[in-house]
1. Can you tell me how many residues within region 71-94 are within 11 Å of residue 38 (Cβ to Cβ) and touching a residue at least 40 places away in the same chain (Cβ under 8 Å)?
2. Kindly list the number of the only condition in (1) in the same structural domain as residue 496 (by TED's automatic domain parsing); (2) in contact (Cβ under 8 Å) with a residue 60 or more places away in the chain that fails for residue 397.
3. Let me confirm something: among 427, 420, 388, which residue is in a loop (DSSP other than H, G, I, E, B) and closer than 16 Å to residue 335 by Cα?
4. Quick one: residue 446 ticks every box in (1) at pLDDT below 85; (2) surrounded by 13 or more Cβ atoms within 10 Å (Cβ to Cβ); (3) of a type in the set (Ser, Thr, Tyr) bar one, so which box is it?
5. Mind listing whichever residues of region 31-45 are more than 14 Å from residue 90 (Cα to Cα) and charged (D, E, K, R)?
6. Restricting to region 28-38, name every residue that is surrounded by 15 or more Cβ atoms within 10 Å (Cβ to Cβ) and in contact with a helix residue (DSSP H, G or I) (Cβ under 9 Å, 6 or more places away or on another chain).
7. Kindly indicate the residue of region 286-301 that is within 11 Å of residue 250 (Cβ to Cβ) and part of a loop (DSSP other than H, G, I, E, B) and also modelled with the lowest pLDDT among those meeting that condition.
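The values are calculated or read from the model by the stated rules, or taken from the named source; none is laboratory data. Because the structure is predicted, anything quoted here is derived from the model rather than measured. Positions of Cβ are backbone-derived with ideal geometry, glycine not excepted, and every protein chain shown enters the neighbour counts.
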Amino acid sequence: MAEKKGFDLAAVLGDVSKLDTGAAPGRKQLEYLELERLDPDPRNFYALDGIEELAANIELLGLQQPLTVRESEETPGRYVVVSGHRRREALLRLAKDDPEKWRYVPCIREKGGSPALQELRLIYANMDTRKMSSADISRQAERVEALLYELKEQGMEFPGRMRDHVAEACKVSKTKLARLKVIREKLIPELKKAWEKAELNEAVAYALAQQPEAMQRDIVGHIDVPLQSLMEWRVNDFAEKIREVDMRVCRRGTMKGLPCVNREKMLDRICLDRYRWNSAPCPNRKCCTDCIELLTCPYSCPMLAELVKKKKAEAKAQKQMEKHEKANEDELAIREIERLWFRWGQAMDRAGLTDEQLKEKLGLPPGAFVYSWQVKKEQVEPLKDGSCTDTKPDTGTPLYPFLTRFDMHSLIARADALGCSLDYLLCRTDVPEVNTGAAAPDRWQTGTPKEGGLYAARFDCGGAVIRNIAKYDTGDGSWRFLGTYARIDAECIAWVKLPEEDDGKGEGHE
């Protein structure tokens, strides 16, 4: 059989792996020692967790494994626990309720040895008896390495690299050992404490440890998620974006060319968890000045406060202008719809038809509705006689769905462009000329109106076009706001004549 290469810690410790099983060879005899005479080893660095569960198990099934102890060198008559610190703690809790039952503990007594060898025995005996966190493994590896060097100074030979011996002794890969060393040496204290408490997993701890200390503090200081929820890829993503922020320079005032004064707020935004799925949580990678979210972002640069105030005022004015334009457009649409319905009502009266009779002439089934679903049945008659008060811009026309307002505008525009009538285009007459006796279609016109009255007009206000309903006064050639005598100083660039009904309804309704 080929000789085993490497360092065998079990051989050095003299078959210590069997010390905790009760199958002690030769001189290792089982003894019952008083619980109160057993002391924990101060060099034990393993966490004493799960004691309540272990105590309940021992109370139910009894102590299944004896403790391994050695005689105390400092206090005669007392013993130091080598293996079984958790069992000792569980027994102490049980002894509070029933001291006599748990007064004596089965133990295996070890012979002495050098302190380094004793501590190695302690580590080796505890290695397979508990589930260890990566922090436990790291502490174990660090201590094993120190003890092996101590034994080497005492004359024990360890051929090869010490890192290989430590990895073999701790039963972990050399890669994992190197990673744990980086975490142990490079992680900042506050993060290291979280890692040791298992609040930070190994992959995230390693990703953080690879960053400079200042970067680690930036990430921890600005993230808005618990450390337990932090992911490795987020650490790397944060680090990349923080480096981008650090490359930014100020573009304004006396700070121009200096590092960005808004760095901390930038980091607050970049590290917000709600932006985790956004590849660019801060849309502008250079300066807040040109950012598309400048007016809404709570993390914008304080040096831009005046600019933000100005832009917000401009945005508010623009919004009001758009709202005003929309109101005027809606008013024009409502007037047009009401005129169409009123004209439709007049035509039906002239033809002497009711809706039911019209339905019969059109060949519609008895239960069908003549008009669009956009028109309520109770609106039809008020729309026809001009008394409707709840007309909306999206109320359907009497010809819908065959012809909408926009279809009508398109047809009228084509007829106007060709200088002929709609009847000619639709082959209802062979005379192309427009009937001059018919009412002129509503359309935008330029120049100066020839008569006073009510108009839908467009005004040029410093480059911004505002639509409004206004009155034109032929006496002094001025435009005035509807319902007031205030003059409009802006230039009128287009207008449409509106009917002059007192109640604003269709033609002929007075």
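1. Step one: filter region 71-94 for residues within 11 Å of residue 38 (Cβ to Cβ), giving 72, 78-82, 84-85, 87-89, 91-92.
Now restrict to residues that are touching a residue at least 40 places away in the same chain (Cβ under 8 Å): 78-82, 84-85, 88-89, 91-92.
So the answer is 11.
2. The one condition residue 397 does not meet is (1).
3. From the options 427, 420, 388, the qualifying one is 388.
4. (2)
5. Result: 31, 34, 37, 41, 43.
6. 28, 35, 38
7. At the first step, the residues of region 286-301 found to be within 11 Å of residue 250 (Cβ to Cβ) are 286-289, 301.
Imposing the further condition that a residue be part of a loop (DSSP other than H, G, I, E, B) reduces the set to 286-287, 301.
Numbers: 286: 66, 287: 75, 301: 85.
Ranking the candidates gives 286 first.
Each row is one residue, and each column tells you yes or no for (1) at pLDDT below 90; (2) surrounded by 15 or more Cβ atoms within 10 Å (Cβ to Cβ); (3) assigned by TED's automatic domain parsing to the domain that holds residue 168.
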position: 42; (1), (2), (3): yes, no, yes
position: 56; (1), (2), (3): no, no, yes
position: 60; (1), (2), (3): yes, no, yes
position: 68; (1), (2), (3): yes, yes, yes
position: 77; (1), (2), (3): yes, no, yes
position: 105; (1), (2), (3): no, yes, yes
position: 123; (1), (2), (3): yes, yes, yes
position: 131; (1), (2), (3): yes, no, yes
